Amino acid sequence: MPDFASLMQMVLLLLVIGAVAGVIAGLLGVGGGIVLVPAFFYAFAHLGYDGPQLMQICVATSLATIVATSMRSVMLHNKKGAVDWDMLKSWAVFVVVGAALGVVVASQVKSMTLQVIFAVLALIAGLYLAFGKSSWRLGTALPGQPLRGVYATLLGFFSAMMGIGGGTFGVPLMSLYSVPIHRAVATAAGFGMLIAVPSVLGFMFLPVAGAPPYSIGAVNIPAFLVVIVTTLLTTPLGVKLAHAMDPKPLKRAFAIFITLVALNMLRKVFFG
């Protein structure tokens with residue numbers, strides 16, 4: 001059982017992490033996972049919980065928060081009629097299978113390997129945010145089977161391994177096939193649920209030595225609860241800021257931030 005001072009330090013760090021993730025999510029419309037995973041990683045390592053499965057804990061706990069946030073997001077988007085339920089149904093089985101495979105692989109690899117995977121994919125996402133153009137297209141409509149199934153499986157697989165929802169890869173993918181951005185964002189929130197629910201269930205059965213206090217498998221319950229509460233409180237602030245400011249330079253700045261975080265994670269892996 002950790003002492004009271006250590007618990008308070010952990011809670012305070014998690015409050016800051018949740019508050020920042022909420023503002024960024026509301027301001028830029030990006031999922032919190034790509035912020036939460038590295039934030040959890042550095043916070044838990046700072047507190048001394050830097051065991052051989054640290055990255056699995058960060059990924060699993062991030063996915064637990066996505067269960068709640070994506071559910072709320074889908075409900076809000078559905079009220080505006082923006083969710084493409086037919087698309088969700090046609091992708092669902094493949095996304096869930098991909099997520100399940102992602103959990104199996106993530107459970108077996110070393111934390112360092114998972115760091116490299118997260119960093120490389122985050123680097124790709126950061127570069128796309130920085131340099132991607134809304135005019136880029138791969139087609140005028142989403143492809144049929146089997147390519148659609150391949151896309152959906154890979155989406156679930158890599159998202160589960162990174163601890164993120166469906167937006168980071170799903171929105172750009174749908175946009176490249178001419179899906180309107182609002183429909184893409186709303187539908188990707190549904191992908192988040194399909195990815196997070198089976199992934200969290202799988203990670204809860206993963207035995208983890210030296211996990212932070214009050215963890216179930218790889219899911220840290222205090223981190224989940226604190227981040228959910230603070231994110232719900234600060235996301236509306238981010239939305240207000242988005243309407244008061246030009247989001248384009250902010251999105252570029254966030255892209256630079258994510259790129260630097262990814263590069264720093266790679267540096268720690270290869271150079272210590």
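Counting residues in region 211-222 that are crowded, with 24+ Cβ neighbours inside 10 Å, on the phi < 0 side of the Ramachandran plot and assigned to a helix (DSSP H, G or I) gives zero. Do we find a residue being more than 20 Å from the chain's Cα centre (by Cα) and of a type in the set (A, V, I, L, M) anywhere in region 213-236? So far as region 213-236 goes, no, none of its residues is more than 20 Å from the chain's Cα centre (by Cα) and of a type in the set (A, V, I, L, M).
Evaluation of L155 against the conditions (1) buried (at least 24 other Cβ atoms within 10 Å of the Cβ); (2) part of a loop (DSSP other than H, G, I, E, B); (3) in contact with a Phe, Trp or Tyr (Cβ under 7 Å, 6 or more places away or on another chain) shows that the sole unmet condition is (2).
The set of residues from region 36-72 being assigned to a helix (DSSP H, G or I) and surrounded by fewer than 22 Cβ atoms within 10 Å (Cβ to Cβ) comprises Y42, A43, A45, H46, V67, A68, M71, R72.
Restricting to region 221-272, what's the tally of residues that are closer than 29 Å to T113 by Cα, among the small types (G, A, S) and touching a residue at least 40 places away in the same chain (Cβ under 8 Å)? Of the residues in that region, 3 qualify.
I124 satisfies every condition listed in (1) surrounded by fewer than 19 Cβ atoms within 10 Å (Cβ to Cβ); (2) under 16 Å from the mean Cα position of the chain (by Cα); (3) within 30 Å of F270 (Cα to Cα); (4) in contact (Cβ under 8 Å) with a residue 12 or more places away in the chain except (4). For region 42-79, the set of residues classified as modelled with pLDDT of 90 or more and under 17 Å from A160 (Cβ atoms) consists of Q53, M55, Q56, I57, C58, V59, A60, T61, S62, L63, A64, T65, listed by residue number. Taken over region 79-111, residues that are among the aliphatic types (A, V, I, L, M), farther than 21 Å from F205 by Cα and not in a loop (DSSP other than H, G, I, E, B) amount to 4.
When region 173-200 is filtered for residues that are buried (at least 23 other Cβ atoms within 10 Å of the Cβ), under 15 Å from F94 (Cβ atoms) and either of a type in the set (V, I, T) or over 15 Å from the mean Cα position of the chain (by Cα) (or both), the ones remaining, listed by number, are M174, T187, I195.
The values are calculated or read from the model by the stated rules, or taken from the named source; none is laboratory data. Source: prediction; values computed, not measured. Positions of Cβ are generated from backbone atoms using ideal geometry, with glycine treated the same way; all protein chains shown enter the neighbour counts.
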